[in-house]
Structure formats: structure tokens, C-alpha cells
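Data first, discussion second: the structure below is written as C-alpha cells.
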Amino acid sequence: MYLSYKLVIPLLFAILAACTDEQQKITKQVEKLFKGGSSHTNNWAVLVCTSRFWFNYRHVANALSVYRSVKRLGIPDSQIILMLADDMACNARNPRPGKVYNNKDETIDVYGSDVEVDYRGYEVTVENFIRVLTGRLPPDTPRSKRLSTDDRSNVLVYMTGHGGEDFLKFQDAEEISNVELADAFEQMWQKRRYHELLFIIDTCQAVSMYGKFYSPNIMSIASSQIGEDSLSHHVDPTIGVYIIDRYTYYLLEFLESTRPGSRKTMAQLFEICPRHQCISSTGVSTHLFRRRPDQTLVTDFFGSVRTVDTSDDFLHISPKSKALERSTDNVPLSRGHFSHVTQFLGDQLDQLKILPQPDKTSLGSKIERAASAAFLLVVVMAIIKSLIG
Amino acid sequence: MGKQRIKNYVNASLSDVIPIFNCDYARADNDKVSLYKDQESLSDPPSGLNFISNPAGFDSNNSKFKLEISPLTLFEKSLKDVCQTTNTISDEFTEAEQVQCRDVYTLPSTSYVEPDILYLLISVQNKHSAVEMLLYISLAVLLRAWLFAAPEFVSWLSSLPEVSTPLSSWHRVVEGISVLKQGGSIHEGDSYHGSTLLLIFMSRLQEYSPLLLYLMFATCDIVTSLALLRFAEKFIRNELIDIYKPDNDISSQSKSIKLNESGMKDIPLLISLLYLFNPFTIATCVSKCTLIFSNMFLALFLNASLSGSVFSTTLFLALATYESLYPIVLLFAAALCYYKYQKTSWTIYTCMLLTTLCFLMWLSLLFVIAYLHDESPESIVSHYSFILRVPDQTPNVGVFWYFFTEVFDHFQSFFLCVFQLNVIVFSIPMSIKLRSHPVCLSFILIGIVAALKSYPSLGDAGLWLSILPLWSHTFKYLRMAIVTSIMLITTAIVCPVMWNLWIGARSANANFFFASSLAYTTAQVLILTDVLLAYLKWHYHLREGVCPKLETSNEKAMIRLLN
């Protein structure tokens, strides 16, 4: 979040002004600006659909629906990483070419003409997903494929596909386990790649996927408990497949009524999709999260809302101003000493070992040469004798 | 009756002349002269040996003549009217061929003219002139040099899986040499899987001059063909001696199938030329596969096994076993050959013991030298473990790769044992059956190993195919000669076609290639079994006569194995 320039210049003048009661009032206002609510400055979203094939249309529609909502609420494409494992809009079986719907009345085309899919098709792999999260991408990766978050970013991670207990299936060929995901998030935390993270997962037995998280500031929502399946909502007879899952359907219903300035809280989000509507019970995990869900806005994660406050007054800024204290400052850093290891080979040339040259003049090699020469001589003599004799 | 002493006769040629007969008495019938050991047996029917003598120098007046011995004694030519029972000796003689004469025998003239003709000498050595052999050798060297001079052709040949296997490929040797130069361990990793000593030898040669390597490959081929030449000569001579020995068990009715020298005299040269100009062999040589050393050592082993010297036999067998593990099945054959052709008279058990001990001595010497290079036991057995474990399933003309690409890991060691046993187990029953025919035993075992080993190639078959004419006298007993020979040639041509369809044109799959290579292996096995059966039938008829009657039957029942 940037202070608008209208605020900077007056603030500079405020340094010259004497401390007044006005100053105190301003300080309180700025404190409220920074402290009231989340202290994040930018929003990112990582939306992942892990299934391919035509009959998993609904997973792509899920991801695209959340993408649409998130874009509508303000997160720009440059800060959304959209990973779709298959192309439904241009699939040969799609009777509505170029369009993806999430409802059978086909009112909203969630694909649209301005969709930006960052990882498509076979690029959606477990490796790429973890590389995106942890930032360990090859140096030539374009910026649109990088998650360039910092310690003031709120990240929304939405995953949908086929899952099971403790795993999520990617592309029908591989899986990511909950431990891997937890470790990826911990890497993000240690590299200070998020401020707060909301993890939503809409698969079968989804609760198991967030069971192993251990990094702070993560809130998780899952669409089904262990032993339960997340079910799809309805079929579109024109398209011929299920086109949306229940949890995401109700999530969308909730988000469609949210506007950028909305004060809806996460606690209200937790209540969508009760059992009688979703058939599965949702799961929620907030024990790692510092703030209370009823004080956390939905737009903290789903939107990119800038809190802007204008003032004509001056503010005296000191380095140790209480207003600027970060909520994360009293969190202990990494538990051990780790050093950075270069990942890609170009940096490691100096570490190649040179093999030691053989010692040619040692006694052992002399004996060996003499013995082999003698044996060779014996063999050659035997050959000649046998050929002639 | 006059006694004519028949002396041993020594011929000045390279071959040694076998004194077969030490007889004191000779009797001539119409066209036959028979030799007898003592006077009493003179009345026995003649044993059927025919001889000729040279007309030149015959002086009928005083029955003194110069006996000239033809080295190409032709058994079937008859001495028409040479000797008659009326004791006159006619002037008509048959023509002799090349003449080499050493001794002059003067017969005392007596009033009785008993058969005066002496006899001697069977030297069945064909002395092809050295010039002739040199001509063929230089032709072969020129052909190989011409092919070596086309590097694209050489690299294309090296890429053919039928010719070069992971065990013998030249690319791997090059990698091994470069690893050796940098001081690393040869057998670590998946580059070179042959024997250590061979690699050291080739890297040292390469240090002197790269041209030496080409020369070495051509030399190996030449040495192999010369070894096969000598081997064939020795074998044929031994077979003829066995058959014409007076106290053998050959039936008199088997005259039509007995060996005769005229039919056999061209065979050694044919065998060596077959090896030199065989496309399989040329492919192996030009693509610089290390299989050429295996073949050379096997040919030298075959040659030495007939020489009666246990040291050279086991030396070459140990070298061949060190190169590729499978020649160890020939240990029994070596022992049996030594027993049969020994100059001493030990029992079979002593021979077996001696052979095994010598073999182990040479093999351990090789292991010690290999160990000295690297001071690690891996350098001794790593190529054996590659041959036995078959970790590399690159397609070749064998039967291992296709099966082991799809076998479950759980069963892999079981099927490994089964397949390796399949190669090795034939040595024991064959050794028992063919214990009196050790050369045939060697041939069959070489053929089986070549067909069924873990990484076979065309060069393996080239060796035993070129030895095949050695049994041409048994070919009338072959049952499926046309089918199997055409099958072999066709599948050998179809294999590269299927490979190209599969890998190059991408329109076939592995099954096509495996089918053709399986048919190739089947053709080899069929030829081997056919030849073996023909040999055994021929031997049976030799012993029992061509149409032996059944003993138990009064009727005219005959056993007839001839087709």
C-alpha cells in the first residue's frame, strides 16, 4: 500500500512543525490506518486447477470462477497466478467454443476474452507449483509466471481437483502430499513471502490437506472432511458434464454479492455451504492465524483493496514510531542456521572436482605393466606356435 | 614269402606325417593291397586300403623301383592291374599328383614275386602354398582397409544393434579409454562393460599410434582364419586316420559314406575363407567390436585342442573365458579333446583334472594382472556381473532383452537364473553324449552359446557358421537344410529392416524386431540340432553299415537313417 503523494508532502512539512496536539490526533489516525485491520500492502492469488480431461470441466470452472471474482474485486492479472491443467474452452467437445460457464443458465462466461492463464496444460505439475510458491524458479522464468510476493503480501491459494486423504492429484499422473504443501508454505514463511495466507481447497477429503501446516498466519478452508467426498452441484445438459462443484458454487454466490468496499468478514465466509446444502461438511483451520476471523475482512484476501485515507495534516514520523511497528516483528526467525545454496548449475562451476591424475611411476603400476607385457608376450608366442606348429 | 618292411616315412612339409602302419607283410589283390602284421593273418580278407604308386622309376626287371609317395593319396583310386595274383606287375600306373619323395626302397628280387609294393604314408595335409594363402589374406586386409576408410559407414555399422552390443561396442571402449586416461575407475557407471585387460591393452596401443588399432582388428581376423585353417586340417587328418585305422569299429558296409580325402582336401581353405569373407565377420571387424577377440581366442582354442598340448589349450580357453564368461562351458570339451589327442596315455579323470588345474592357473593369472591395475576386486568381476545380471536391455539379436524389459522386479532374479541356465546347462548332457567326439562337442557348445547368450550379435554366429563345412560329409543326413539356411539368411537381413522400421521410421514397434531376431535365434538352434543329429546318424551308419539289418528280425528289416 502506498501513501499517496498528497500525504507525503504534508507529512514532510509535519516534521518541521512543532509537536502539537494536532500531531497526536494525526498519529492516532495513522495508527488506525496501519493497525486497524490487516497490515498487508498487496494481494496475490494462486489459483490451481489440477485435473485434466473433459469430464473434469467443473474443476476448471471452479478455478476460473474464483479467478473472475478475485479479478473483479481488484487483484490485477499481474498478481494472479492461474494454473489450469486442461483447456476446456477450446476443447473439441465444448459446444460453446471459447466459453466456460459455471452455471447451467450460462449467464456468466468465466473464461472471457481477457483471461490470462499463466501455467497451462502440462505445465501444471507439482514441481512447478512448488517452485512458484517458493520462488525457486530458473532465472529465465518470465515475470508473469513468478509469485513475486514480499512480507507484506496477502496470498490466496485456491486449489481444486481430485484429492484423497493427505494428497491431491495433479494431471492424473502425480500427487502432492499435505506434508509437501506444508513444507512449501514454511519455505514461503522463512523467505518472508507472505504476510497472511488463505488456503482454500475444494476436493474430496480436503481437510487432510491442511492438517500438517505449521507456519504462522495461515487460515485454511476445506470443502469436505476426511472420509467425505466433495460433490458437484449440477449438470449442464447442453455441455453434458457437471459444471461446478457445490462448495465453489456457494462460495461464488457469496462473492458475487461482495463488492470491493465490502465489510464482510471471514467468519461469514466460514458459514457458507452448510451440510444440508453441500452434503459434505466444510472444515476450517484458524489456529495458526493471528487475527480473529470475525475481524478479518474477506477483501483482505479476495480483493486488492487499498486503504487510502486522505489528510491535509502533517505527521511527525520517527524511526521508532509505534504506528509503523509491524505485527510480525516479534515472531522468531528461523530455528537454525541455514545458508543459501544455489540451485541452478551455472553457479556451481567452481565446485567441480578435478580428478587426481594416476600416479604412473609407482611401484604397483610398474609391476602391473611388466606383468601384463610379459603375459602378452606369452600369449603372442603361443599364438604363433599354434599357427605354425 | 618275402618280407617287406615298411618304414615310417617322413615328409618334409609343415604337417607331420602319421605313421599308421607298422606292418610286415603286404598282399596285393586286384586293386587292393592289404597290410598284415603277421604271416598267419595273410589269408584274411583284404582290409580295403588302396594305394597308388608313381609310374616313374619302375623297373619291372629287377623289381627295384623308386617308391614315390604322393601327399595327396587318393584312397578310392584303384590300382588297376598293378598287382595281380599272377605275380606280375603291369606297367600301367595311374597318375600321381604332386610328388615328394624321400626314401628309396630296394626290394630284393626273389623268385617269388610277392606283392612288392610297399606302402605308406598318409599325409592328408593340404599344403596350400603360402602364396595362395597370402593372396587371400591380403585381399581380406584390403577389403577391411577399404571399409575402414569410410567413417560414415563405420559409424553406421557401429550403431546397428545386431552388430554391436553394450558389451562389445566401440563407443564404450572409447569412453573407457578416456576415463582410463583421466585416472577414473573404468567400471563405475554405465560406460564400459568389457574386461579390464582388454581396455588397458587397447589404450596402450592407442597411445603409440591410433593406426595400430585398425591394424590390430585386421590382425585378429587373420589370426582367427589361420587358426581355423590349421584346426580344420588337423581335424580332417585325425578323422581320416580314425576311419582308416585297421582296428576301428567301422562296419564294412559303410563304404559309401566313409570320408575320402578328395572330398575333404578343400575344406580347410574353404573354412578359413568363409571366415575371412563372411559378412558377419566383416561387419564385426569394421565396426570395431571387441567380440573379435572372443572369436579369435575361441578359434585358437579349437586349434590348440587338437594339438594335444594342455597348456596352450587351456591358455586360449582361459583368455576366451576372461573376455566373455560363456566359453567356460568348453572346459569339458577341452578335457575330452586332450584325452583323445594326447601324446601320453592318461585316464580321462587325470585329463580332466589336469585341464581344470591348468585352466584355473591361467585364469587366476589373468585375474591377478587385472587386479594389479586397479587394486580393487571390481576390476576382475565387473564385466562378469554385467554379463550375468543383464542390467542393460538394449535390443539385440538375443532373447534376453525383450523378456527382461517387462518382467516384474520381483521375478527378475528367478528368470535371470533360468535364462543363464538355459545357456550353460547343455554342456553337461552334450559332454556325456559326445564324449568320443570332442570336436563336435566344442562346435555345438560354441553354437549354443552364440545363439542363446545374454548379449549376442552377428559376429558370434559368424564363427560357428564358418566351421560348418567341416561336417559336410554328414550333410546328406540333414533334414531341414534348405529351410533353416534360408531362414537364417532371411532373418539376418530382416532384422536391420525391422530395426529401421521401428526406430527410424517409427511405424513398427519392438515386437517386429524381436520377432525377426527370435526367428534368427531359432534358425541357429535348428541348424545346430540338425547338424548334430546328422553327425550322430552318420556315425551310427559308419559303425553299423549303411543298411544295417535288425538283429532280432528274420525278415528283411533294415534301419535306414539316410533320407
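You will find that of A:E106, A:E127, A:E116, the residue that is over 18 Å from the mean Cα position of the chain (by Cα) and either crowded, with 19+ Cβ neighbours inside 10 Å or of a type in the set (D, E) (or both) is A:E106 and no other. Among the residues making up the stretch A:282-292, those that are over 16 Å from A:V155 (Cα atoms) and either loosely packed, with under 13 Cβ neighbours inside 10 Å or at pLDDT below 90 (or both) are A:H287, A:R292. When residues in the stretch A:163-185 are screened for being buried (at least 22 other Cβ atoms within 10 Å of the Cβ) and not hydrophobic (A, V, I, L, M, F, W, C), 1 of them pass.
Take the residues in the stretch B:168-202 that are of a type in the set (S, T, N, Q), part of a loop (DSSP other than H, G, I, E, B) and in contact (Cβ under 8 Å) with a residue 12 or more places away in the chain, then tell me which one is nearest to the other protein chains (Cβ to nearest Cβ).
Of all residues in the stretch B:168-202, those of a type in the set (S, T, N, Q) come to B:168-169, B:178, B:182, B:185, B:191, B:195-196.
Narrowing further to those that are part of a loop (DSSP other than H, G, I, E, B): B:168-169, B:182, B:185, B:191, B:195.
If we keep only those that are in contact (Cβ under 8 Å) with a residue 12 or more places away in the chain too, we end up with B:168-169, B:185, B:191, B:195.
Numbers: B:S168: 20, B:S169: 24, B:S185: 10, B:S191: 15, B:S195: 12 Å.
This residue is B:S185.
Scanning the stretch B:203-244 for residues that are among the small types (G, A, S) and more than 14 Å from chain A (Cβ to nearest Cβ), which turns out farthest from the chain's Cα centre (by Cα)? Once the filter is applied, the top-ranked residue is B:S209. Evaluate the stretch A:153-161: report whether one residue or more is without any contact (Cβ under 8 Å) to a residue 40 or more places away in the chain and touching a helix residue (DSSP H, G or I) at 6+ places or on another chain (Cβ under 8 Å). No: zero hits. For the stretch B:189-226, filtered to residues that are charged (D, E, K, R) and surrounded by fewer than 22 Cβ atoms within 10 Å (Cβ to Cβ), the residue that is modelled with the lowest pLDDT is B:D190.
Considering (1) at negative phi; (2) crowded, with 20+ Cβ neighbours inside 10 Å, say which one A:Q205 fails and leave the rest. Among (1) at negative phi; (2) crowded, with 20+ Cβ neighbours inside 10 Å, A:Q205 violates only (1). Taking the stretch B:301-334 as the range and being away from every other protein chain (no Cβ under 14 Å) and either assigned to a loop (DSSP other than H, G, I, E, B) or among the charged types (D, E, K, R) (or both) as the test, the residues that pass are B:S324, B:L325. The single condition among (1) at pLDDT 95 or above; (2) of a type in the set (V, I, T); (3) surrounded by fewer than 16 Cβ atoms within 10 Å (Cβ to Cβ) that B:T521 does not satisfy is (3).
Out of B:G504, B:G459, B:G447, report the one residue that is at pLDDT below 95 and surrounded by 14 or more Cβ atoms within 10 Å (Cβ to Cβ). Show your work before the answer.
Details: B:G504 fails: surrounded by 14 or more Cβ atoms within 10 Å (Cβ to Cβ); B:G447 fails: at pLDDT below 95.
Only one candidate qualifies: B:G459.
Selection of first residues in the stretch B:145-167 that are touching a residue at least 12 places away in the same chain (Cβ under 8 Å) and of second residues that are assigned to a helix (DSSP H, G or I) and small (G, A, S), restricted to Cβ pairs under 8 Å at least 6 apart or on distinct chains, gives the following pairs, ordered by first then second residue: B:A145/B:A218; B:L157/B:A283; B:L160/B:A283; B:E162/B:A492; B:E162/B:S517; B:V163/B:A283; B:V163/B:G459; B:S164/B:S158.
Only residues that are within 18 Å of the chain's Cα centre (by Cα) and of a type in the set (S, T, Y): list them for the stretch B:280-294, please. Talk me through it step by step, then tell me what you get.
Filtering the stretch B:280-294 for residues within 18 Å of the chain's Cα centre (by Cα) gives B:280-281, B:291-294.
Scanning the stretch B:280-294 gives B:T281, B:S294.
In the condition set (1) of a type outside the set (F, W, Y); (2) under 18 Å from A:F301 (Cα atoms); (3) surrounded by fewer than 16 Cβ atoms within 10 Å (Cβ to Cβ), A:M188 is compliant with all but (3). Per the conditions (1) crowded, with 20+ Cβ neighbours inside 10 Å; (2) more than 18 Å from B:V286 (Cβ to Cβ), the sole criterion not satisfied by B:R172 is (2).
What helices (runs of 4 or more DSSP H) lie completely within the stretch B:338-427 and have 2 or more residues being surrounded by 13 or more Cβ atoms within 10 Å (Cβ to Cβ) and within 14 Å of chain A (Cβ to nearest Cβ)?
Numbers: elements: B:348-374, B:378-389, B:400-406, B:409-424.
By residue number, B:348-374, B:378-389.
The single residue among A:I239, A:I226 that is within 26 Å of A:W54 (Cα to Cα), surrounded by 15 or more Cβ atoms within 10 Å (Cβ to Cβ) and among the hydrophobic types (A, V, I, L, M, F, W, C) turns out to be A:I239. Among the residues of the stretch B:268-283, at least one is within 14 Å of chain A (Cβ to nearest Cβ) and modelled with pLDDT under 90.
The values are calculated or read from the model by the stated rules, or taken from the named source; none is laboratory data. Predicted model, so just to flag it, every value in this text is computed and none were measured. Glycine gets a Cβ as well: all are built from the backbone with ideal geometry, and neighbour counts include every protein chain shown.
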